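Here's the structure, in structure tokens; my notes come after.
The values are calculated or read from the model by the stated rules, or taken from the named source; none is laboratory data. Being a predicted model, the structure only gives us computed values, none of them experimental. In this analysis, Cβ positions are derived from the backbone assuming ideal geometry, glycine residues included, and neighbour counts consider all displayed protein chains. Note: areas computed on protein heavy atoms with side chains; ligands, DNA, RNA excluded. Shrake-Rupley method; radii C 1.70, N 1.55, O 1.52, S 1.80 Å.
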Amino acid sequence: MTLPVSASTLLALGYDGLALNAPEGVLVDAPRPVRTEPAAACDVSAALAEVAELARGKRRAAVLVGDVSLPGPYAAVLPALAKLLAGAGVRPTRIHFLACPGTCDAVLGRAAIRRYGEELTGEYEIRPWTPEADGLDAQYAQADLRLAVLPDLSEASSVLPEAEAPAWCARMAAVPGQTVRLAALRAEMNAGAETLAAADDAAVCLTTGGGFPSDATLEEAVCGFRAIAASRSFERSAVLACAADEGLGSARFTRDLEALLREAEEALSGGDALRSDEAAALGDPAGELAAALCAWKQVVLYAPGLAPHEDGELIETWLSECPKVGARLRLAYEPDELWMALQSAHGKAYRLHAEPLGWRAR
């Protein structure tokens, strides 16, 4: 079924973005749109200048970075930082990158290359933060130079050790364009962006995984739900738009997702409600999706790239085996499928609030 078009909204989805055309009767509000004009380049070398002085005479360096739950333009910063540390006399074998909070799957393969850049992952190991009895990772505790490079998001502050704070911390701000690129690197810890205000009268709230490279898998994209968290309501629908052309994500997330769907089906079959006031823990992508299922009338995953991937067939099978969950969690590969899913819940005329930049809008 082809629906008449009345409005078009550019979403940060994949590498090229996606123009989403709303059918007649759907009013779209997108206060923070994707910008198509070129952005000024960030001078990374200037932002890292003071690290050279800090690194002088140091023997071991530990650099805290975000894991899958804290996306950002790391590839634009970390290779330059590693070269600077090595140039200051720190041996490359004694430069350790620790992904925080460290509760996601191992930092390996294509996902690591997308997140941190091929140049860095080819030379250095990036592993999850693993706390010992004192609450500190052993390599962080042994380092005489402790640094952090994190996205300009308020929740990023929670991964910093309270007892042994890094000597230098930087926030990465992202360009509000189609893909995740560096706009600025600030060598101080800001308060971070505040949670966005709730949409007033929107029946549907749409968010994205932030565009390439942070939406290549569903696991990476679910942090986009945070951009519409203030609008959560069991009278509204949530839409997560992402490329997901590399499937669901890590083996751990895939296992957790299947378990989540089956547990939710069991609860719904027993007459229980999927209601929870608990926020998902940082570093738990499956928990973020579970929180969305508990908070919204329905959740629609609009993932065009998942259709040809074998993981698309996998999640379709799970949802067919969990029909009650399937009525709450809908898959859409084409625009018409998305609009029909929303029409079934809200009719033909409603307001849609969009955050096309996803987590980058915050």
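A few points about this structure:
- Residue in segment 192-202 that is farther than 15 Å from A354 by Cα, among the acidic types (D, E) and out of contact with any Ser or Thr (no Cβ under 6 Å at 6 or more places or on another chain) present: yes
- Checking segment 150-165 against the condition returns a match, with at least one residue being under 15 Å from L70 (Cα atoms), surrounded by 17 or more Cβ atoms within 10 Å (Cβ to Cβ), of a type in the set (G, A, S) and at pLDDT 90 or above.
- Residue in segment 214-233 that is nearest to D200 (Cα to Cα), counting only those that are among the aliphatic types (A, V, I, L, M) and surrounded by 24 or more Cβ atoms within 10 Å (Cβ to Cβ): I228
- A244 within 24 Å of G66 (Cα to Cα), open to solvent by less than 10 Å² (accessible area, probe 1.4 Å) and touching an Asp or Glu at 6+ places or on another chain (Cβ under 8 Å): yes
- Among the residues making up segment 42-82, a single one is part of a loop (DSSP other than H, G, I, E, B), modelled with pLDDT of 95 or more and among the β-branched types (V, I, T): V77.
- Boolean, V300 is of a type in the set (V, I, T), surrounded by 21 or more Cβ atoms within 10 Å (Cβ to Cβ) and more than 16 Å from T207 (Cβ to Cβ): no
- Any hit, segment 218-231, residues being among the hydroxyl-bearing types (S, T, Y) and either more than 18 Å from W296 (Cα to Cα) or assigned to a loop (DSSP other than H, G, I, E, B) (or both): no
- The listed residues are A238, A281, A227, and the only one of them that is modelled with pLDDT under 95 and either small (G, A, S) or within 23 Å of T317 (Cα to Cα) (or both) turns out to be A281.
Listed here are the residues, each with its yes/no results for (1) open to solvent by less than 60 Å² (accessible area, probe 1.4 Å); (2) not aliphatic (A, V, I, L, M).
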position: R262; (1), (2): no, yes
position: A290; (1), (2): yes, no
position: D311; (1), (2): yes, yes
position: L331; (1), (2): yes, no
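- Taking the conditions (1) open to solvent by 50 Å² or more (accessible area, probe 1.4 Å); (2) in contact with a strand residue (DSSP E or B) (Cβ under 8 Å, 6 or more places away or on another chain); (3) of a type in the set (G, A, S) in turn, G87 satisfies each one other than (2).
- Residues of segment 278-304 that turn out to be of a type in the set (D, E, K, R) and free of Cβ contacts under 8 Å to residues at least 40 places away in the same chain, as a count: 1
- Matching residues, segment 203-213, being in contact with a His (Cβ under 7 Å, 6 or more places away or on another chain) and either open to solvent by 10 Å² or more (accessible area, probe 1.4 Å) or not hydrophobic (A, V, I, L, M, F, W, C) (or both): A203
- Residue satisfying condition, being crowded, with 17+ Cβ neighbours inside 10 Å, β-branched (V, I, T) and either over 25 Å from the mean Cα position of the chain (by Cα) or within 30 Å of D256 (Cα to Cα) (or both), within set T93, T130, T121: T121
- Residue within segment 83-96 that is in a strand (DSSP E or B) and farther than 22 Å from A341 by Cα present: yes
- Among the residues making up segment 102-115, a single one is assigned to a loop (DSSP other than H, G, I, E, B), buried (at least 18 other Cβ atoms within 10 Å of the Cβ) and either modelled with pLDDT of 95 or more or out of contact with any Gly (no Cβ under 9 Å at 6 or more places or on another chain) (or both): V107.
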